[in-house]
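Peer 1: My questions all concern the structure below.
The values are calculated or read from the model by the stated rules, or taken from the named source; none is laboratory data. Since this is a predicted model, take the numbers as computed values, not measurements. So basically every Cβ, Gly included, is an ideal-geometry build from the backbone, and we count neighbours across all protein chains shown.
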Amino acid sequence: MALIKICGLSREEDITAVNEAKPDYCGFIINFPKSHRNVTVERVRQLRTGLRPEIIPVGVIVDQPVEKAAMLLNEGVVDVIQLHGQEDETYIRQLRKLLKCRDRSIWKAFKIRSRKDLESAMASSVDAVVLDNGYGTGETFDWSIIEDAGKMMEGRKVFLAGGMTPENIEEAIHRLDVCGIDISSGVETDKKKDRNKILTAVQAAGRAGGNKQ
């Protein structure tokens, strides 16, 4: 099955939409004011109370102190942390040491411009990598760089991000060796989450996963 994460939730209406669509994951961009999708920790706590229990909440953070990342996981604010800054292997090791619950996951996003970037992503010790064009650009990168990414990860999850839309999800899943899609701006209208686009994206991921050989 192809996995899908709807990222950048910030409103009650967003929670209602993902509860209806039932993606595998939903994401919250925490304490990153540069993003129009930014939310506080307390806001995530509030929004999560209305989230269907089977949808796994992911906290997206950028260069936050490792103690804050650990708090988000240890206090159950989110179940997964997605690192989206310059966090290195030392940071990841420190974070794992601070975790009280070992079933929490650590993901990291990598900006892909070359084969070397992919190799750096594959060498990371995180539980899953997100191969992205950058930081919220809404544009795709050269997918030919990552066509064998899944094999290189040896069973770890590989998500594709950057320029994903409901219209190109099936192509991406069929063409690339990735397990899932991470989508945000592609399910927005006027910088707000769009219920119909969310439903269409999740349905596309479902079709692509069912048809992938």
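Peer 1: I'd like the residue in region 59-88 that is within 20 Å of Asp117 (Cα to Cα) and among the hydrophobic types (A, V, I, L, M, F, W, C) and, out of all such residues, is surrounded by the most Cβ atoms within 10 Å (Cβ to Cβ).
Peer 2: Residue satisfying both the conditions and the ranking: Leu83.
Peer 1: Suppose the filter is under 19 Å from Ile29 (Cα atoms) and either buried (at least 18 other Cβ atoms within 10 Å of the Cβ) or in contact with a strand residue (DSSP E or B) (Cβ under 7 Å, 6 or more places away or on another chain) (or both); does Ser184 pass it?
Peer 2: For Ser184, the condition - under 19 Å from Ile29 (Cα atoms) and either buried (at least 18 other Cβ atoms within 10 Å of the Cβ) or in contact with a strand residue (DSSP E or B) (Cβ under 7 Å, 6 or more places away or on another chain) (or both) - is met.
Peer 1: Still on this structure, I have one more. Quick check on Gly162: is it closer than 25 Å to Asp127 by Cβ, crowded, with 19+ Cβ neighbours inside 10 Å and in contact (Cβ under 8 Å) with a residue 60 or more places away in the chain?
Peer 2: Spelling it out, it is not the case that Gly162 is closer than 25 Å to Asp127 by Cβ, crowded, with 19+ Cβ neighbours inside 10 Å and in contact (Cβ under 8 Å) with a residue 60 or more places away in the chain.
Peer 1: May I ask you to verify whether Gly186 is under 27 Å from Ile15 (Cβ atoms), within 16 Å of the chain's Cα centre (by Cα) and assigned to a loop (DSSP other than H, G, I, E, B)?
Peer 2: Criteria not met by Gly186.
Peer 1: Does region 123-142 hold any residues that are buried (at least 19 other Cβ atoms within 10 Å of the Cβ) and either in a helix (DSSP H, G or I) or in contact with a helix residue (DSSP H, G or I) (Cβ under 8 Å, 6 or more places away or on another chain) (or both), and which are they?
Peer 2: Matches in region 123-142: Ser124, Val126, Val129, Leu131, Gly136.
Peer 1: So which residues in region 1-15 are surrounded by fewer than 19 Cβ atoms within 10 Å (Cβ to Cβ) and over 14 Å from Val202 (Cβ atoms)?
Peer 2: Arg11, Glu12, Glu13, listed by residue number.
Peer 1: Turning to a different aspect of this structure: Residues that are of a type in the set (D, E, K, R), modelled with pLDDT of 95 or more and touching a Leu at 6+ places or on another chain (Cβ under 6 Å): list the strands (runs of 3 or more DSSP E) wholly contained in region 1-90 that include at least 3 such residues.
Peer 2: Where strands (runs of 3 or more DSSP E) fall fully within region 1-90, none carries at least 3 residues being of a type in the set (D, E, K, R), modelled with pLDDT of 95 or more and touching a Leu at 6+ places or on another chain (Cβ under 6 Å).
Peer 1: Answer with yes or no whether Ser120 is assigned to a loop (DSSP other than H, G, I, E, B) and polar (S, T, N, Q).
Peer 2: no
Peer 1: So which of Ile6, Ile15 is in contact (Cβ under 8 Å) with a residue 60 or more places away in the chain and out of contact with any His (no Cβ under 8 Å at 6 or more places or on another chain)?
Peer 2: The match here is Ile6.
Peer 1: Is it the case, given these coordinates, that Ile145 is within 16 Å of the chain's Cα centre (by Cα) and either surrounded by 12 or more Cβ atoms within 10 Å (Cβ to Cβ) or free of Cβ contacts under 8 Å to residues at least 24 places away in the same chain (or both)?
Peer 2: no
Peer 1: Give the residue that is surrounded by the fewest Cβ atoms within 10 Å (Cβ to Cβ), with candidates limited to residues of region 18-40 that are without any contact (Cβ under 8 Å) to a residue 40 or more places away in the chain and out of contact with any strand residue (DSSP E or B) (no Cβ under 6 Å at 6 or more places or on another chain).
Peer 2: Among those residues, the one meeting the criterion is Pro33.
Peer 1: Pairs needed: first member in region 96-113, surrounded by 18 or more Cβ atoms within 10 Å (Cβ to Cβ); second member anywhere, assigned to a strand (DSSP E or B) and small (Gly, Ala, Ser); C-beta distance under 6 Å; at least 6 residues apart or different chains.
Peer 2: If the second residue must be assigned to a strand (DSSP E or B) and small (Gly, Ala, Ser), the pairs left are Trp107/Ala128.
Peer 1: Can you tell me which residue among Phe159, Phe110 is touching a Phe, Trp or Tyr at 6+ places or on another chain (Cβ under 9 Å), modelled with pLDDT of 90 or more and assigned to a strand (DSSP E or B)?
Peer 2: Phe159
Peer 1: Please determine whether any residue of region 85-105 is of a type in the set (Lys, Arg) and touching a strand residue (DSSP E or B) at 6+ places or on another chain (Cβ under 8 Å).
Peer 2: yes
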